[in-house]
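The values are calculated or read from the model by the stated rules, or taken from the named source; none is laboratory data. What you see is a predicted model, and the numbers here were worked out from it, not measured in a lab. Positions of Cβ are backbone-derived with ideal geometry, glycine not excepted, and every protein chain shown enters the neighbour counts. Calculation scope for accessible area: heavy atoms of the full protein, side chains included, ligands and nucleic acids excluded. Shrake-Rupley method; radii C 1.70, N 1.55, O 1.52, S 1.80 Å.
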Amino acid sequence: MRTSARPVRDLLLRSMWLSAAFALVLMGAFFTLFSYDLEDVIFNRLVAAEADRPEPGHLPGITTYSGQASLPPWLRERLEQKTSQGEYEIPTEGHGHFHVAVRPGAANGTPRYVALDVSALTSTTSQLRRRTGLLLTSALLALLAAALLGHVVARRLGRPLEQLVERLREEDGALPEDDGGVAEVRALLEALRTRDARIQELLERERRFNRDASHELRTPLAVAQGAVEILELDPPRDAETFHRLRQAVNQMGLLTEGILWLARERRSEERCELLRVSRELVALYAHLRQSDRVELSIESAGEVLAPLPAPVARVMLGNLLKNALAYTSEGRIVIGIEPTAWTLSDTGVGFGSVEPGQEGFGIGLSLVERLARRFSWTIAIDTSRPHGTRVRLTWER
């Protein structure tokens, strides 16, 4: 399942908040551990230095004992097994906290003990605990500073991307020049400009080909249409062959007109009356019905102005109507006209079941799709049950 997308600014701010909070917690833990360890190291160094002096007694608060018998009971109890040389941390209940250096006796073998009462020196720990509020305030201020910095960085990174998205959503919007000084955004803009240039080159090449091809076809097509009109004055004996010839010439005329419109610049002010165009097409292609059992009708509450040139409408709607007539042997073909849609429904075998681009869909319907995209229309082809097809063209009001 696809996850929901979030703006890059939110992702950056969240990442910086989490990073700052994790860094503060980690630094606080390391600082606390380091403080306690440093405290123990300092006290052990003090008693060791005093014990190793030839004449101890230079530091206040340090007491020297000779032999375990001279130790106070609470220290003797904790130091019974600690007779080897070293420094020891000795906590006692009710008598304080001590750091003791043990040195074996040189002459009589009696161990010597140098004890430092650090109870008063370690009272700062309780003071720090009482000042938790101050520490929390400092942490919150640090987080706030990190959030402000994150907001500035996120805005610098996110703003060029937001501008880029806004421009891409606009029709014919140019890419922004501001890249925010970010190398990745600059590379993205350059890649988009290169892609746009390549697409424009391909589109222009296609327009030139469509324009040249349609112009080249117009002359022989005009000759063929003139010949058909002359033959209509004195129809040949083979009426069926002449009928197919006339249909082929008319179809080629529609295709040529449609291809030529693909190469033209779009003008948004062009409109056509859909009801009028639909009636013209019904009158033009009604003879293509396969039998009298096919009913051809138009349903509309009134005239509708559509954002499309009338010649293009004749190409698009005419191709759809001819396909419906070709696939319907009995039943109904209904053209429905709404304020923002043109619908064609039939009860035939259903050309809508054929995938676009496959046999049966034909260049005529492919041209309809391309013209629809060219003029920002939407085409939907659905298969009806038990049989039939429904084609719907829609546009924005």
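Among the residues in the stretch 277-300, are any in contact with a strand residue (DSSP E or B) (Cβ under 9 Å, 6 or more places away or on another chain), hydrophobic (A, V, I, L, M, F, W, C) and more than 30 Å from residue 397 (Cβ to Cβ)? Yes, some residue in the stretch 277-300 is in contact with a strand residue (DSSP E or B) (Cβ under 9 Å, 6 or more places away or on another chain), hydrophobic (A, V, I, L, M, F, W, C) and more than 30 Å from residue 397 (Cβ to Cβ). Counting the residues of the stretch 275-322 that are assigned to a helix (DSSP H, G or I) and surrounded by 14 or more Cβ atoms within 10 Å (Cβ to Cβ) gives 23. The selection criterion, being at pLDDT 75 or above and in contact with a helix residue (DSSP H, G or I) (Cβ under 7 Å, 6 or more places away or on another chain), holds for residue 277. No other residue among 379, 333 is surrounded by 21 or more Cβ atoms within 10 Å (Cβ to Cβ), touching a strand residue (DSSP E or B) at 6+ places or on another chain (Cβ under 7 Å), modelled with pLDDT of 90 or more and outside any helix (DSSP H, G or I) apart from 333.
Output the residue which, of all residues in the stretch 339-355 that are more than 35 Å from the chain's Cα centre (by Cα) and at pLDDT below 75, is most open to solvent (accessible area, probe 1.4 Å). Residue satisfying both the conditions and the ranking: 349. Any residue at all in the stretch 158-175 that's surrounded by 14 or more Cβ atoms within 10 Å (Cβ to Cβ), over 19 Å from the mean Cα position of the chain (by Cα) and at pLDDT below 80? No; the residues of the stretch 158-175 include none that is surrounded by 14 or more Cβ atoms within 10 Å (Cβ to Cβ), over 19 Å from the mean Cα position of the chain (by Cα) and at pLDDT below 80. Of all residues in the stretch 223-256, those that are open to solvent by less than 80 Å² (accessible area, probe 1.4 Å) and under 17 Å from residue 311 (Cα atoms) total 7.
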